[in-house]
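These notes are about the structure you will find just below.
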Amino acid sequence: MKEHTSFTMTVEEAVEQFSTDVFRMAYARTNNKTDAEDITQETFIKYMKETKSFEDANHVKAWLLRVTINQSINLVTSAWYRKSTAMEEADAIAKEIEEKSDVYYAVMKLPQKYKIVIHLYYYEGYSVQEISSILGIKESTIKSQLKRARSRLKEMLKEDIDV
């Protein structure tokens, strides 16, 4: 029988340790700094109210990223958001993010499902198995999405170099 130990991390510790990761995930989903900040704040409010026990810091981070993804989905699928999003803001705000490479901008152009798996795999360092658990998607689907995303990135970056 598996022994369950309870891990405790204060909201302040979680914010200090994971706020950048949560913000980057929210920004990757919304392409909007203000919305990403709002989602980050809402995610940590949910953590503050959460009563479930966590196994360790990695479990906390995975939970925070899952909540961030859900919050982002709720926002970007809302009728209000679809009508009010200004796309020209994305390029200006992307310059404020630390990753200013051609690869970063190419990733930002990917469809959401590919952007998420690329972000979790390369930026957050999660394995395919961990991403599968976080997103609730089969490992084979994660592998396929990573392969397709890499292929799209390769084509986008090749076009940039050829130009």
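The values are calculated or read from the model by the stated rules, or taken from the named source; none is laboratory data. Small disclaimer: the values here were computed from a predicted structure and weren't measured. Positions of Cβ are backbone-derived with ideal geometry, glycine not excepted, and every protein chain shown enters the neighbour counts. Each accessible area value is taken on the protein alone, full model and side chains, heavy atoms only, with ligands, DNA and RNA left out. Shrake-Rupley method; radii C 1.70, N 1.55, O 1.52, S 1.80 Å.
Summed over the stretch 114-163, residues that are assigned to a loop (DSSP other than H, G, I, E, B) and either closer than 16 Å to Arg29 by Cα or of a type in the set (A, V, I, L, M) (or both) total 3. Within the stretch 126-140, track down each residue that is open to solvent by 60 Å² or more (accessible area, probe 1.4 Å) and farther than 15 Å from His59 by Cβ. Residues satisfying the conditions are Gly136, Lys138, Glu139, Ser140. Here Glu88 does not qualify as more than 17 Å from the chain's Cα centre (by Cα) and at pLDDT 85 or above. Taking first residues from the stretch 6-20 that are over 21 Å from Ala36 (Cβ atoms) and partners that are of a type in the set (Ser, Thr, Tyr) and exposed (fewer than 12 other Cβ atoms within 10 Å of the Cβ), the Cβ contacts under 8 Å between residues at least 6 apart in sequence or on separate chains come to Ser6/Ser53; Phe7/Ser53. The set of residues in the stretch 12-61 being under 22 Å from Leu135 (Cβ atoms), open to solvent by 60 Å² or more (accessible area, probe 1.4 Å) and of a type outside the set (D, E, K, R) consists of Gln17, Thr20, Asn58. May I ask you to verify whether Met9 is surrounded by 14 or more Cβ atoms within 10 Å (Cβ to Cβ), at pLDDT 70 or above and within 14 Å of the chain's Cα centre (by Cα)? No, not satisfied.
Could you tell me whether any residue of the stretch 62-73 is in a helix (DSSP H, G or I), without any contact (Cβ under 8 Å) to a residue 40 or more places away in the chain and of a type in the set (Val, Ile, Thr)? Within the stretch 62-73 (the criterion being in a helix (DSSP H, G or I), without any contact (Cβ under 8 Å) to a residue 40 or more places away in the chain and of a type in the set (Val, Ile, Thr)), the answer is yes, since at least one residue qualifies.
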